[in-house]
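The values are calculated or read from the model by the stated rules, or taken from the named source; none is laboratory data. On a predicted model such as this, the values are computed, not experimentally measured, just so you know. Every residue, glycine among them, receives a Cβ derived from its backbone with ideal geometry; neighbour counts consider all protein chains shown. The protein model used for the area step is the full one, side chains on, heavy atoms only, and it has no ligands, DNA or RNA in it. Shrake-Rupley method; radii C 1.70, N 1.55, O 1.52, S 1.80 Å.
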Amino acid sequence: QVQLVESGGGLVQAGGSLRLSCAASGSIFSINAMGWFRQAPGKEREFVASISRDSGRTYYVDSVKGRFTISRDNAKNTVYLEMNSLKPEDTALYYCAAATTTAQQMASMKLAGMTYWGAGTLVTVSS
């Protein structure tokens with residue numbers, strides 16, 4: 001029902017910046033929150049950031065606060081993740097998510113409702 005396409009990943013040196021984009025299409029009328037998760041090799045999926053589609057309220061995992069900024073352009077049904085001061089530990093496959101749950105629930109990884117996932121975009125931060 002909802003399709004998500006991420007872009008913007010790549011290789012960047014520590015301290016550098018990247019901006020990820022996620023374009024949503026399909027039956028998005030029921031979507032309340034969009035956000036980003038990441039998964040590093042050998043590790044579990046981790047919440048990164050989320051945003052409410054209506055209010056714009058944002059949530060972040062502590063490790064990225066002050067460095068990452070999530071934003072949205074509802075006219076384009078697109079969510080962005082501006083990543084600054086990147087660290088090697090940020091290296092991961094970043095997945096865009098859209099859910100019928102709230103952005104707060106997404107931040108708590110309470111995805112009891114319908115959740116849609118993109119295929120992921122790889123971010124590699126070199127030392």
task: Mind putting a number on the dipole of the chain about its Cα centre? Charges go on the C-beta only, +1 for Lys and Arg and -1 for Asp and Glu, and I need it in Debye to the nearest 20.
output: 120 debye
Solvent-accessible heavy-atom area per residue, rounded to whole Å², over region 73-121 at 1.4 Å: 45 Å²
query: Tally Lys/Arg at +1 and Asp/Glu at -1 over every other residue whose Cβ is under 11 Å from the Cβ of residue 96; what's the total?
result: 0
- prompt: Can you give the net charge of the other residues whose Cβ lies under 12 Å from the Cβ of residue 121, counting K and R as +1 and D and E as -1?
  reply: +1
- line: Taking protein heavy atoms only, a 1.4 Å probe, and rounding to whole percent, the accessible area of region 74-127 owed to carbon and sulfur comes out at 52 percent
message: Quick check: the distance between the Cα centres of region 62-87 and region 14-50, to the nearest angstrom?
response: 9 Å
query: GNM on the chain, C-alpha springs below 10 Å: top fluctuator among 109, 83, 34?
result: 109
- request: Pull up the cross-link candidates among the lysines for residue 43, meaning alpha carbon to alpha carbon under 29 Å and not fewer than 8 places away within one chain.
  value: 65, 87, 110
task: Starting from the alpha-carbon convex hull of region 39-82, give the projected area averaged over all orientations, in nm².
output: 3.7 nm²
